[in-house]
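Heads up: the structure comes next, in structure tokens.
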Amino acid sequence: MQRIGVFVCWCGSNIAATVDVEAVSQALAKEPGVVHSANYQYMCSQAGQDLIRAAIKEHKLTGIVVCSCSPRMHEMTFRKTAESAGINPYMVEIANIREQCSWIHKDILTGTEKAIVLGRTAIAKVNLNAPLTAGESPVTKRALVIGGGIAGIQTALDIADAGFEVDIVEKNPTIGGKMAQLDKTFPTLDCAACILTPKMVDVAQHEKIRIFSYSEVAAVKGFVGNFDVTIKKKARYVREDVCTGCGLCTEKCPVKKVPNEFNLGMDTRRAIYIPFAQAVPKVATIDADYCNMLKNGKCGVCSKVCTAKAIDYEQKDTLIEEKYGAIVVATGFNPISMEKFDEYAYSQSKDVVTSLEFERIMNAAGPTQGKLVRPSDGKHPHTLVFVQCVGSRCANCAEKGKEYCSKICCMYTAKHAMLTRDKYPDTDVYVFYIDVRTPGKNFDEFYRRAAEEYGVHYVKGMVGKVMPEGDKLMVRASDLIANKQINIAADMVILAAAIEPDKSARSIATMLTASMDTNDFFTEAHPKLRPVESPTAGIFLSGACQGPKDIPETVAQAGAAAAKVIGLLAKDKLKGNPCVASSNELMCNGCSSCERVCPYGAISYVDKEFRGPNRTVLVRRVAQVNPAVCQGCGACTVACPSGAMDLKGFATKQIMAEVDAICK
Amino acid sequence: MQVNEFKPKIVAFCCNWCSYAGADLAGSNRLSYPADVKIIRVPCSCRVNPMFILRAFQRGADGVIICGCHPGDCHYTSGNYYTRRRMALLFSMLDYLGIEKDRMRLEWVSAAEGAKFATTMNEFTEKIISLGENKRLEDLRCKK
């Protein structure tokens, strides 16, 4: 029989306001096995923990029930408390009377009644708990970073500087990501390339970092400390180790009309290309969809001009198997498609562009060499209209856009408006907004400079329609402050498109079994206290894959993710989860049902000798679980027809006892 | 009048990674749902043996709901697929036995869907109240 102590937490007034904690601790004191029951203001505080430790010693407790907040919050805290007082940490159960009770019920009677049932359920479980010991597994001291934008670059550099090996997998031919496409960065107006490209070079030259460019993660197996990852290196038809990046092939290639994705299709590139001058690795890539040689075997110009003999038309996709201890997701974002926003005439007029396209137009390395001209006729625009929140904060139009605020648009629109007015004082610049949101260091000052010093016309109101008329764009909008409708004949309209997670994020999340929210942003382990970790152990989050972010925030988060990875890789051994499956050999009949459902291949079979009737020896095939591989999902326990398989910590008897306690 | 006083007993099995976190989110957002719902935490929805559900009904539960990660999002890759198949069988068995199969429900709730968790529990409780007490499966021998 267990000797159980019950500890009811008030959580200040969070629990005590809607649950009569005294009544709960008195009622639970009468439950079977309970020898001590107490309540205290903050059980998780030092004083609260001391109270538990003292009670364990005084009443010789063997099991503990803490009625408090969610076990996702403080289960570890109380397990450590129990351990420090000499009892097994897995003899602790939490009754969640805050999230599941006091916070959702307003009536004190209802709350108290439910808290008693929840406490009773936990006591019923602890009565059947057994001490568990966690196994240990070694840690592969190498990290994988998925995505080579500024988030991935910063994380990789920080991990590598701590002395651990890092591999970056980037799906594009070069690292650099979205930041490489930007012209200037707010609020300092630093040139993006000037601050990014040195970091790209650092990555390329770092002896601890390997870059797998033009590659994708194909499969992930294993668990924290021991991931087995398959990387698919796509054929680029150029030998990376030989190509010098001279660029001669990209000048001689006869296929000239390939839309240049780096400039968002606003100009063209060749079928063999280097995305931009500072690309890392600076290696050419052949676009198999356009190359004449690969399509119909006629051409071969690049191969003829290449003095390094780097062209290899026979190259195939290759699969690389690697082992990692930790994985960082840095898959980033993309602007949403504008096809559902036809009121802004994006598909009808070339002079309606997205902000990222405008960024390329303003960039000295862009399609117009940094000269502000209309994409349609190359003329200098005089009136520019910026529309904010295109697809962001769409509470009533979720089928078109996103409900959330994309966070960066207010600031980059202010930047674009300011730069336009700075370079071309003859322009009239209008910005239509719902709200201008500028929380950040020196952000509001920046926005006010745009409006006050540079004379950008900020108009509160949304644009209803953009109509191309002749070579003008008629913008019909409302001015909510003057309470009137206004019409502007604009030369260019720039749409601040909402941002969304990269399309590859969903399949990567599935491979990593990392959870996502309804918008496909990765979920963090705790929104406030563990913002750079995924709930899946060993998976870390960096940058905009977790939510919209600007560059300073991304870099800060990238460093934080790196610190978490370093903390993990610095350990030689990891304590595993002791709540694993185990088979009762006397009941097992070796049917293989459990083996078939196990997603981890943790179950194997051995022939064992058992005592048979009349002193005979029987050899039977029985299941054996490898506790280092088992993750404790419990699929096998239900598949087992003889009831031999059980899950430690969530045993059939324990769950049955919980069911009974609830239904009593 | 008696219908109003009926307080159903509802057991909710929630997987640790998605639905239990969804319930926590409902709690921290103060989204109310009936106190009749009591949650049992399991590592994965695939840990829920159909036997547990029958046991609950036998012991007098009026409704049982199982919540897991959305298909494709299972923390253990494939656990919720097993749950889906097993529960499909249990549903048809309940039907065959002549027990209202609305007393049992399978729902996918992610860690970010606190609101969905609360609405699901509200709807399910309403449904159970409309079905009334579970008389067909309750084993009166269990009542002392």
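The values are calculated or read from the model by the stated rules, or taken from the named source; none is laboratory data. Just so it is clear, the structure is predicted and the values come from calculations on it, not from any experiment. Cβ atoms come from the backbone with ideal geometry, glycine included; neighbour counts cover every protein chain shown.
General remarks:
- Filter result for B:D62 (more than 7 Å from chain A (Cβ to nearest Cβ) and in contact with a Phe, Trp or Tyr (Cβ under 9 Å, 6 or more places away or on another chain)): yes
- The number of residues in the range B:66-89 being surrounded by fewer than 24 Cβ atoms within 10 Å (Cβ to Cβ) and either more than 7 Å from chain A (Cβ to nearest Cβ) or touching a strand residue (DSSP E or B) at 6+ places or on another chain (Cβ under 8 Å) (or both) comes to 10.
- Those residues of the range A:485-523 which are among the charged types (D, E, K, R) and within 10 Å of another protein chain (Cβ to nearest Cβ), in sequence order: A:R506, A:D517
- Listed by position, the strands (runs of 3 or more DSSP E) inside the range A:323-416 whose residues that are within 28 Å of the chain's Cα centre (by Cα) number at least 3 are A:326-329, A:333-335, A:383-390.
- Condition met for A:T637 (among the β-branched types (V, I, T), outside any strand (DSSP E or B) and in the same structural domain as A:V220 (by TED's automatic domain parsing)): no
- Where helices (runs of 4 or more DSSP H) sit wholly within the range A:44-127, those with at least 1 residues that are at the interface with chain B (Cβ under 10 Å from one of its Cβ atoms) and more than 36 Å from the chain's Cα centre (by Cα) occupy A:108-126.
- Residue check for A:E357: surrounded by fewer than 18 Cβ atoms within 10 Å (Cβ to Cβ) and at negative phi: no
- Failed item in (1) without any contact (Cβ under 8 Å) to a residue 60 or more places away in the chain; (2) away from every other protein chain (no Cβ under 11 Å), with B:L131 passing the rest: (1)
- Of the strands (runs of 3 or more DSSP E) that lie entirely inside the range A:470-540, those containing 1 or more residues that are in contact (Cβ under 8 Å) with a residue 40 or more places away in the chain and over 28 Å from B:A111 (Cβ atoms) span A:472-479, A:484-490, A:492-497.
- From A:T354, A:T318, A:T383, A:T331, residue being touching a Leu at 6+ places or on another chain (Cβ under 6 Å), touching a residue at least 60 places away in the same chain (Cβ under 8 Å) and β-branched (V, I, T): A:T354
- Scope the range A:583-637; condition loosely packed, with under 14 Cβ neighbours inside 10 Å, in contact with a helix residue (DSSP H, G or I) (Cβ under 9 Å, 6 or more places away or on another chain) and modelled with pLDDT of 90 or more; matching residues: A:R596, A:S604
- Looking across the range A:638-663, the residues that are under 15 Å from B:I53 (Cα atoms) and either at pLDDT below 95 or within 7 Å of chain B (Cβ to nearest Cβ) (or both) come down to A:V638, A:T652, A:I655, A:M656, A:E658, A:V659, A:D660, A:I662, A:C663.
- Scanning the range A:541-561 for residues that are in a loop (DSSP other than H, G, I, E, B) and in contact with a strand residue (DSSP E or B) (Cβ under 6 Å, 6 or more places away or on another chain) yields A:S542, A:Q546, A:P548.
- The number of residues in the range A:157-207 being among the β-branched types (V, I, T), part of a loop (DSSP other than H, G, I, E, B) and either more than 17 Å from A:K549 (Cα to Cα) or modelled with pLDDT of 95 or more (or both) comes to 2.
- Hits in the range B:36-47 (condition: surrounded by fewer than 23 Cβ atoms within 10 Å (Cβ to Cβ) and either more than 7 Å from chain A (Cβ to nearest Cβ) or free of Cβ contacts under 8 Å to residues at least 24 places away in the same chain (or both)): B:D36
- Hey, A:E99 farther than 30 Å from A:V8 by Cα and either touching a residue at least 24 places away in the same chain (Cβ under 8 Å) or assigned by TED's automatic domain parsing to the domain that holds A:Q26 (or both) or not: no
- Under the condition of being in a loop (DSSP other than H, G, I, E, B) and within 30 Å of A:N577 (Cβ to Cβ), the residues counted in the range A:221-252 number 2.
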